[in-house]
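Student: Sending over a structure as structure tokens; questions will come in a sec.
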Amino acid sequence: MTQQRKPWHGVNTATALPFNDDLSVDFDAYADHVAWLASNGTDGVCPNGSLGEYQTLSDEERARVVTTAVEASPDGFGVMAGVGAYGTLQSVRWIEQAANAGAQSVLLLPPNTYRADRETVLTHYRTAAQVGLPVVAYNNPIDTKVDLVPSLLAQLFDEGLIVAVKEFSGDVRRAWEVKELAPDLDLLIGSDDVVVELGLAGAVGWIAGYSNAFPQACVELLRLSTSAQRSDLDQALPIYRDLHSLLRWDSKTEFVQAIKLSMDLVGRKGGLCRPPRSPLSAEIRAALTAATEAAIAKGYK
């Protein structure tokens, strides 16, 4: 990474949110987790993403998650608040809340109440950008059904509306077209199972899920994958092979439960999910347990 470090660069963990037995938010455990991620070499956190189950939170809980993350973060540690909402005006209010709390940037989905057209998407980001906090666009056409194609990302960047994109389409070929159309738009890896591929394509950061359980390994994997040295890539590939049976769960339906289970197994508080997310099947739980324990046995942290 030759660019000047910006708050959305490096490994930013899409933080899982711990709950108490009564499914109230365990804010103390969350603060501890943020501090733990910082002490293990990651660069920042993304509270209130899908992994943080923001859709199940009250407005008061959602706001407090952001303030807790900011308060638990040491100097130089970034907070990129998730501000996705059904309405643009709701997203604007969450951006304002994040700015007031002290977040350095926000992660914003396109409007996804319905399959929005190009002009609707542009208007959405134009409105959000007026708050003044740097906006990272989140492209997740799998779940939102709204696709931020490379030409649209280039227009958003050219208008000064976004600083980066979290790319979660799963199509690694897109990275090259994005770089052709908007060479200065920062590309962030959005899915854990394409780290090496997008690292080679010029990514400057990774909004990671499995760094909730293995932060040091994720930091090292990103460093090696984005290096221009062939020797570093040769070191990255064995790590990638060892961890890929876990990393691929980041793009599966059960990703929240999966990552929380791995957190439990490494001694962090993953714990329960709020409904409608249900417990993992015995088969999936066994596979995840075996993969996590194998990673632990190989010394990954």
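The values are calculated or read from the model by the stated rules, or taken from the named source; none is laboratory data. Since the structure is predicted, the reported quantities are computational estimates derived from the model, not experimental observations. Neighbour counts are summed over all protein chains in view; Cβ atoms, including those assigned to glycine, are modelled from backbone coordinates with ideal geometry. The accessibility values were calculated without ligands, DNA or RNA, using every heavy atom of the protein model including side chains. Shrake-Rupley method; radii C 1.70, N 1.55, O 1.52, S 1.80 Å.
Student: Any idea how many residues of the range 152-172 are open to solvent by 10 Å² or more (accessible area, probe 1.4 Å), closer than 10 Å to N139 by Cβ and touching a Phe, Trp or Tyr at 6+ places or on another chain (Cβ under 8 Å)?
Tutor: 2
Student: Another question about this same structure. Could you pull out the residue among A175, A201, A208 that is over 27 Å from P47 (Cβ atoms), among the small types (G, A, S), open to solvent by less than 50 Å² (accessible area, probe 1.4 Å) and in contact with a helix residue (DSSP H, G or I) (Cβ under 9 Å, 6 or more places away or on another chain)?
Tutor: One residue alone meets the criteria, A201.
Student: Also: Out of L148, L187, L133, L107, which single residue is in contact with a Cys (Cβ under 6 Å, 6 or more places away or on another chain) and among the hydrophobic types (A, V, I, L, M, F, W, C)?
Tutor: L107
So that you can scan it fast, the table gives a plain yes or no per residue for (1) surrounded by 22 or more Cβ atoms within 10 Å (Cβ to Cβ); (2) assigned to a strand (DSSP E or B); (3) not aliphatic (A, V, I, L, M):
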site	(1), (2), (3)
A103	yes, no, no
T120	no, no, yes
V136	yes, yes, no
D147	no, no, yes
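Student: Looking at (1) of a type outside the set (D, E, K, R); (2) at pLDDT below 95; (3) within 24 Å of F255 (Cβ to Cβ); (4) not in a helix (DSSP H, G or I), which is the one condition that is false for I142?
Tutor: (4)
Student: If I ask for residues that are closer than 26 Å to A297 by Cβ and either of a type in the set (D, E, K, R) or open to solvent by 10 Å² or more (accessible area, probe 1.4 Å) (or both), which ones from the range 218-230 would you list?
Tutor: Passing the criteria: V219, E220, R223.
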